[in-house]
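The values are calculated or read from the model by the stated rules, or taken from the named source; none is laboratory data. Nothing here was measured: the structure is a model prediction, and the numbers come from that model. Every residue, glycine among them, receives a Cβ derived from its backbone with ideal geometry; neighbour counts consider all protein chains shown. Heads up: the accessible areas ignore ligands, DNA and RNA and are worked out on the full protein's heavy atoms, side chains in. Shrake-Rupley method; radii C 1.70, N 1.55, O 1.52, S 1.80 Å.
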Amino acid sequence: MTGRIIQNYFYWNTESKLNAFLQKPDNESLYANIFSNAQGGEMKVVAFNGSARKNGNTAILVNHVFRELEKEGIETELIQLAGKEIRGCIACNKCFENKDRRCSVTRDVLNSCIEKMIDADGIILASPTYFANISTELKALIDRSGMTSIANEGMFKRKVGAAVVAVRRGGSIHAFNAINHFFFIGQMVVPGSTYWNMGFGLDKGDVEKDEEGLLTMKALGENMAWLLKKIHG
Ligand SMILES: Cc1cc2nc3c(=O)[nH]c(=O)nc-3n(C[C@H](O)[C@H](O)[C@H](O)COP(=O)(O)O)c2cc1C
């Protein structure tokens with residue numbers, strides 16, 4: 001085993017035993033049509049909803065942020081990971097060898113997501129709270145796009161990032177922090193709001209009753225638009 005230092009990471013260069021998995025055919029074209037909701041505009045914010053259910057509370061909260069962005073002429077796109085295949089990082093380290101801004105595992109939606117993130121000026125990562133943390137799907141996106149970014153000298157550097165979290169009762173601050181760790185290690189710029197970006201609700205639509213949560217999303221959208229205009233204006 002050989003040790004090598006890559007940026008701030010002490011990284012063990014291991015012989016991958018998973019070549020068979022990596023060499024499976026590239027099925028990304030299967031996922032070419034997962035993207036929807038694109039609206040017009042010069043700057044763009046892409047949001048990923050990590051919830052296992054589509055159009056639930058997390059998506060509703062994101063749409064409240066989007067409303068403010070769109071008022072300022074910023075294009076928005078919501079990508080819902082529910083039902084899509086997205087696996088965790090297999091620690092093969094091939095992204096550090098290839099340095100091609102892609103994850104070496106090409107059989108799921110991950111590289112399509114990375115392309116969307118690279119193209120956007122702002123990235124919203126949104127998740128329901130699952131056992132006081134983010135969803136498995138969003139964690140897979142964070143681990144693999146984050147490691148690919150580090151391997152490529154920071155693909156998301158100085159993009160604007162915002163976390164959005166839905167929760168029934170407890171644990172959302174951990175989920176919020178988990179998402180923000182991704183933004184900060186990626187040298188991204190993070191706007192604040194009037195509270196930490198969370199909305200309360202259990203069943204689909206319940207967050208619409210959380211008045212403070214919705215005001216938090218509104219202020220987040222306003223601040224994100226303001227920041228994007230400062231950076232790109
Ligand atoms: C597997 C699972 C774990 C959950 N864990 C928590 C939790 O730790 N704390 C909490 O308050 N709510 C928890 N919930 C409730 C969800 O966070 C809540 O219903 C949220 O609004 C769902 O968002 P969605 O409609 O976007 O899926 C959990 C739900 C599921 C399905």
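The table below gives the values:
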{"read-out": "Matching helices (runs of 4 or more DSSP H) fully within segment 91-177 where at least 1 residues are within 16 Å of the ligand (Cβ to nearest atom) and within 28 Å of Ala219 (Cβ to Cβ)", "value": "136-151"}
{"read-out": "Some residue of segment 162-182 being open to solvent by 20 Å² or more (accessible area, probe 1.4 Å), touching a helix residue (DSSP H, G or I) at 6+ places or on another chain (Cβ under 9 Å) and under 18 Å from Asn63 (Cα atoms)", "value": "no"}
{"read-out": "Residues of segment 70-98 classified as within 26 Å of Asp203 (Cα to Cα) and not basic (Lys, Arg), total", "value": "10"}
{"read-out": "Residue list for segment 203-231, restricted to those being assigned to a loop (DSSP other than H, G, I, E, B) and surrounded by 14 or more Cβ atoms within 10 Å (Cβ to Cβ)", "value": "Lys204, Asp210"}
{"read-out": "Ile79 touching a Phe, Trp or Tyr at 6+ places or on another chain (Cβ under 9 Å) and within 16 Å of the ligand (Cβ to nearest atom)", "value": "yes"}
{"read-out": "Hey, Val190 in contact with a Leu (Cβ under 6 Å, 6 or more places away or on another chain) and open to solvent by less than 50 Å² (accessible area, probe 1.4 Å) or not", "value": "no"}
{"read-out": "Meets criteria (open to solvent by 10 Å² or more (accessible area, probe 1.4 Å) and either at negative phi or basic (Lys, Arg) (or both)) for Glu153", "value": "no"}
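Rundown of residues vs (1) of a type in the set (Val, Ile, Thr); (2) open to solvent by 20 Å² or more (accessible area, probe 1.4 Å); (3) more than 19 Å from Ala166 (Cβ to Cβ), yes/no style:
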| residue | (1), (2), (3) |
| --- | --- |
| Ala47 | no, no, no |
| Lys54 | no, yes, no |
| Val62 | yes, no, no |
| Glu75 | no, yes, yes |
| Lys84 | no, yes, no |
| Phe96 | no, no, yes |
| Thr106 | yes, yes, yes |
